Amino acid sequence: MDSTKFIVSFDSRRLGYGNVVLANPHGSYIPEGVTVVLGPNGAGKSTLGLVIEKGRYAYGNRLRFCRPDMKVKMLAFTDIHSLTGIEVTRYDQRLEATVNDLVPTVGEILGDKAVSEKWTELCNAFALRDVVGKRINYLSSGELRKLLIINALLEVPDLLILDNPYIGLDELSRSELDKAIKGIAEGGVGIVLLLCDPADIPSYTDSVIAISGNEVSAPETSPEVIDALRSRPLPSVPEMVLQDLPAQKGSAGEFEVAFAIEDGHVRYGGKSVLEGIDWKVCAGQRWALTGANGSGKSLLLSLVCADNPQAYANRITLFDRRRGSGESIWEIKDRIGYVCPEMQLYFRSALPVEEIVAGGLRNSLSQFRKPTSDEL
């Protein structure tokens, strides 16, 4: 691709935002079309996105845009708070109907946008249906991502930067998102995807910029090279096998049944969300719970972790004890570790991964204290 056909040109040999500085020895640039910025966590991908969106005239950066009035929008999928204008501070808040009265619906947030012709057109393109009346914290991961992108597109940006848009999406949601991104790129909007996993590079990618050790490469535009990059394995990620899991600690012999539910269900009004669930987990067993986005995995786990009041309407056993026989919620939570993406979405803590996982070993009252050496 001819370097004169750029959306953004990085003319300075260093690119900075906040406390992060990226080296730019090749005088890199964002070509027209769809560009993937590829690199491991912490390499500087989000920093480069922020440089383009907010730092073009700061930190000593020198950037040229193909048009001086270009409108740039960057989206990370923790942007639920900026979208709503309020803070939904509890990840389990949606499970208790009485505490959601102040959480706005999608229609209340978007106002006239949600009845516009452009809204309908974009919802059809992104296969986003029946969300106008939903409260924002009831949206699934896929629905939230689509809504954030649609809201950004309603502002008609020239360049849209998406920070790891595929994380947590099932195959169908990824396919729908890919189809919509390709469509808006064909409509003339420049797209930059910040990705960690080479396997996520879409088939319609026009160029790839690699970032490693806070150094930005020149764009690679050869289809053959991009195809080769797509099949490259993630660096420094050991394969997880069952034998690598740590040995079970604690007093497993104190109980036989860790969790069991018989003919389980979750219903809201006349709507049945889960029905006929029979599941038994015995001491020492290891299970994987799989399913599409929005299928009810987190909802089912909310019954296990004592977050969902509908546990009392079900036949549930926890640690050999029938649920509702006098135990407190905190007695249950003291024995169950739980970590989920939504906790980070709502609490927005800047913790390293190991501390987030260690936090799952404790109840929510001590969730964010420093972990002990034993926990790490």
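Would you check if R232 is surrounded by fewer than 16 Cβ atoms within 10 Å (Cβ to Cβ) and at pLDDT below 90?
On the way: surrounded by fewer than 16 Cβ atoms within 10 Å (Cβ to Cβ): yes; at pLDDT below 90: yes.
The answer is yes for R232.
The condition (being out of contact with any strand residue (DSSP E or B) (no Cβ under 6 Å at 6 or more places or on another chain), modelled with pLDDT of 90 or more and either basic (K, R) or assigned by TED's automatic domain parsing to the domain that holds V208 (or both)) is satisfied by just one residue among D92, D112, D130, D101: D112. Within the range 171-220, the set of residues being out of contact with any helix residue (DSSP H, G or I) (no Cβ under 9 Å at 6 or more places or on another chain), farther than 20 Å from D158 by Cα and acidic (D, E) comprises E171, D197, E215. Kindly indicate whether any position in the range 239-258 is in contact with a Leu (Cβ under 8 Å, 6 or more places away or on another chain), modelled with pLDDT of 90 or more and closer than 30 Å to L48 by Cα. Within the range 239-258, none of the residues are in contact with a Leu (Cβ under 8 Å, 6 or more places away or on another chain), modelled with pLDDT of 90 or more and closer than 30 Å to L48 by Cα.
Of the candidates P40, P25, P68, the single residue that is assigned to a loop (DSSP other than H, G, I, E, B), at pLDDT below 90 and not hydrophobic (A, V, I, L, M, F, W, C) is P68.
Against the list (1) among the hydrophobic types (A, V, I, L, M, F, W, C); (2) out of contact with any Lys or Arg (no Cβ under 7 Å at 6 or more places or on another chain); (3) not in a helix (DSSP H, G or I), the condition I149 fails is (3).
I'm checking my understanding of the structure. Among residues of the range 202-215 that are under 16 Å from L162 (Cβ atoms) and in contact with an Asp or Glu (Cβ under 9 Å, 6 or more places away or on another chain), which one is surrounded by the fewest Cβ atoms within 10 Å (Cβ to Cβ)?
To start, the set of residues in the range 202-215 that are under 16 Å from L162 (Cβ atoms) comprises 202, 204-209, 211.
Keeping just the survivors that are in contact with an Asp or Glu (Cβ under 9 Å, 6 or more places away or on another chain) gives 202, 204, 206-209.
On the way: P202: 21, Y204: 15, D206: 19, S207: 21, V208: 23, I209: 24.
So the residue we want is Y204.
Can you confirm whether V115 is farther than 28 Å from N41 by Cα, surrounded by fewer than 15 Cβ atoms within 10 Å (Cβ to Cβ) and either touching a residue at least 24 places away in the same chain (Cβ under 8 Å) or within 13 Å of the chain's Cα centre (by Cα) (or both)? Against the criterion (farther than 28 Å from N41 by Cα, surrounded by fewer than 15 Cβ atoms within 10 Å (Cβ to Cβ) and either touching a residue at least 24 places away in the same chain (Cβ under 8 Å) or within 13 Å of the chain's Cα centre (by Cα) (or both)), V115 does not qualify. Screening the candidates L159, L144 for the property of being modelled with pLDDT of 85 or more and closer than 30 Å to F65 by Cβ yields one hit, L159. Being modelled with pLDDT under 90, under 30 Å from E143 (Cα atoms) and among the β-branched types (V, I, T), is that true of even one residue in the range 164-179? The answer is yes, given that some residue of the range 164-179 is modelled with pLDDT under 90, under 30 Å from E143 (Cα atoms) and among the β-branched types (V, I, T).
The values are calculated or read from the model by the stated rules, or taken from the named source; none is laboratory data. Quick caveat, the model's predicted, so the values are computed rather than measured. Please note: Cβ atoms are built from the backbone with ideal geometry, for glycine as well, and neighbour counts cover all protein chains shown.
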